[in-house]
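What follows is a short report on a single structure.
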Amino acid sequence: MMRHLAFLVFLLSASLVHGVGAQPAFPEEFVKSMRGNLIPGGLVIMTLQPGARILYDARTLPQIDDTVVLGFGRDAPLKQSVLFTRGEASREISFRLAPRTYQEQRINGLPPAYVSPPEKALEKIKREAAQKRRARAGASLHLGFGEAFIWPVDGRITGVYGSRRFYNGEPRRPHYGIDIATPAGTPVKAPASGRVTLASPDMYFEGGLIFVDHGLSVTSVFMHLQSLDVRVGDMVSQGDVIGTVGSTGRSTGPHLDWRMYWANQRIDPALLAPPR
Ligand SMILES: [Zn+2]
């Protein structure tokens, strides 16, 4: 019995280690090196062999020289596959993401207009959704995504990526950002370099909102800002002040909500910034 138990424990820990730390066996024929997190919300940066390409979800991933980026959304299927090509050679490789669990969070005391927006706000919300989509379209050639990210502000983490959310008791979409509570007026720094693709002081849900495009479809989003220090088209370096913390839009107190996208997938900023 004990021996069986010990064996079971061994199997479990072996599979955990394999799942979390794992670099899947991407063939050296196509991939020189990779780093990142193979979990929902994770981002992976690969350096390919010269001439190699990756197809994911039936499209060829854009690349800068031999670098490609691949991201996985909150509810990404754990079973994944990519197709590598290089000259005449091609190979489909399957791999698994390590499973992840999410917290539940209840936010109360929100003005009802932010839980169920009134009819007259719907037009503005729709217009802003299109504006946000446009600002994230395409894949630019900036290299910020490869930098060692820094935290845009210091403060207490009050909300994490992926939480199931209830607003005034009503179930709503999960939380995709990381909330950092800090006084209004605190400078917000660019976590990595990039180009500002959206800077708007008054979005319905987000309030003061900035997008920074870090390249290859990796975008940072900063919400509820009190003031903006950048305009669309500005290039920012890591550490540059882009605005200040506020409590604008759907917010119950001063905090920064930092989100990230890879293409249309929402990824977890906390996986890119250093552990706290
Ligand atoms: Zn938030």
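The values are calculated or read from the model by the stated rules, or taken from the named source; none is laboratory data. If you're wondering where the values come from, they're calculated on a predicted model, not measured in any experiment. Positions of Cβ are generated from backbone atoms using ideal geometry, with glycine treated the same way; all protein chains shown enter the neighbour counts. What goes into the accessible areas is simple: the full protein's heavy atoms, side chains included, and nothing from ligands, DNA or RNA. Shrake-Rupley method; radii C 1.70, N 1.55, O 1.52, S 1.80 Å.
Some points to look at:
- The chain: relative contact order in percent, alpha carbon pairs under 8 Å with at least 6 residues between: 17
- Gaussian network model of the chain, Cα within-10 Å springs - most flexible of Asp154, Asp179, Asp65: Asp65
- Annotation: per residue accessible area for the chain equals 51 Å², rounded to a whole number [probe 1.4 Å, protein chains only].
- Of the listed residues Asp66, Asp257, the order by accessible area with a 1.4 Å probe, largest first, is Asp66, Asp257.
- Using just its DSSP H runs of length 4 or more, each adding -39500 (n - 2.57), the chain gives a mean residue ellipticity at 222 nm of -5000 deg cm²/dmol after division by all residues.
- Max mean-square fluctuation residue, GNM over the chain, Cα-Cα springs under 10 Å, options Ala89, Ala137, Ala192: Ala89
- Only alpha carbons enter this Debye calculation for the chain, each as an equal point scatterer, and the log10 of I(q)/I(0) it gives at q = 0.07, 0.13 Å⁻¹ is -0.29, -0.91.
- Per the Kirkwood formula applied to alpha carbons, segment 57-130 shows a radius of gyration over Rh ratio, Rg over Rh, of 1.18.
- Hits among lysines - C-alpha to C-alpha of Lys32 under 27 Å, sequence gap 8 or more where chains match: Lys79
- Share of carbon and sulfur in the accessible heavy-atom surface of the chain [1.4 Å probe, %]: 54
- Shown is the FRET efficiency for Val160 and Glu92, computed with R0 = 45 Å from the Cβ-Cβ distance and rounded to the nearest 0.05: 0.85.
- Taking a point 7 Å from the Cα of Ala25 along the Cα-to-Cβ direction, the residues of segment 49-80 with backbone N closer than 17 Å to it are 80.
- Couplings 3J(HN,Hα) of segment 208-221, computed from phi: x, 9, 10, 10, 10, 8, 8, x, 6, 6, 9, 10, 9, 10 Hz, in residue order, whole Hz [Karplus 6.51 cos²θ - 1.76 cosθ + 1.60, θ = phi - 60°; x for Gly and Pro].
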